[in-house]
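Please read the structure below before turning to the comments.
The values are calculated or read from the model by the stated rules, or taken from the named source; none is laboratory data. Keep in mind the model is a prediction, meaning the values are calculated, not measured. Just the protein is used for accessible areas: all its heavy atoms, side chains included, with ligands, DNA and RNA removed. Shrake-Rupley method; radii C 1.70, N 1.55, O 1.52, S 1.80 Å.
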Amino acid sequence: MLGLFKRDPTKKLQKVYERKLEQAMHAARNGDMRANASLTEEAEALRAEIEKLKKG
């Protein structure tokens, strides 16, 4: 019964993931490829965490 009110942790991670991808896109548009690579790497780590939570 109490599990009904628990929040889905993947929703929060999904929002952070999407925000990182948007930041990476803006960095690429501004010509900052180093920041783009760093933000994309962080986003991919978040995506892997989301996939892990969905499976388990």
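Report, in deg cm²/dmol and to the nearest 500, the calculated mean residue ellipticity at 222 nm for the chain, where each DSSP H run with n ≥ 4 adds -39500 (n - 2.57) and the sum is divided by the residue count. Let's see the in-between values first.
On the way: 2 runs with 44 residues, N = 56.
So the helix-based figure for the chain works out to -27500 deg cm²/dmol.
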Task: Hull shadow area, averaged, the chain [alpha-carbon convex hull, nm²] - done: 4.0
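With the contact rule set at Cα under 8 Å and sequence spacing of 6 or more, what percent relative contact order holds for the chain? All intermediate terms of the calculation are to be shown ahead of the outcome.
Values: 35 pairs, mean separation 21.9, N = 56.
Contact order relative to length: 39 percent.
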- [ ] Leaving ligands, DNA and RNA out of it, report the carbon-plus-sulfur percent of the accessible area of the chain at a 1.4 Å probe.
- [x] 54
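Roughly speaking, what is the stretch gain from E44 to V16, that is 0.36 nm per residue apart minus the C-alpha to C-alpha distance, in nm to one decimal? Before the final figure, lay out each step's value.
Details: separation 28, 0.36 × 28 = 10.08 nm, distance 1.12 nm.
Full-extension gain reported as 9.0 nm.
Taking the solvent-accessible surface of protein heavy atoms with a 1.4 Å probe, what is the per residue accessible area of the chain in Å²? Spell out each step's value before the answer.
Details: 4850 Å² over 56 residues.
Ligands and nucleic acids excluded, the result is 87 Å² per residue.
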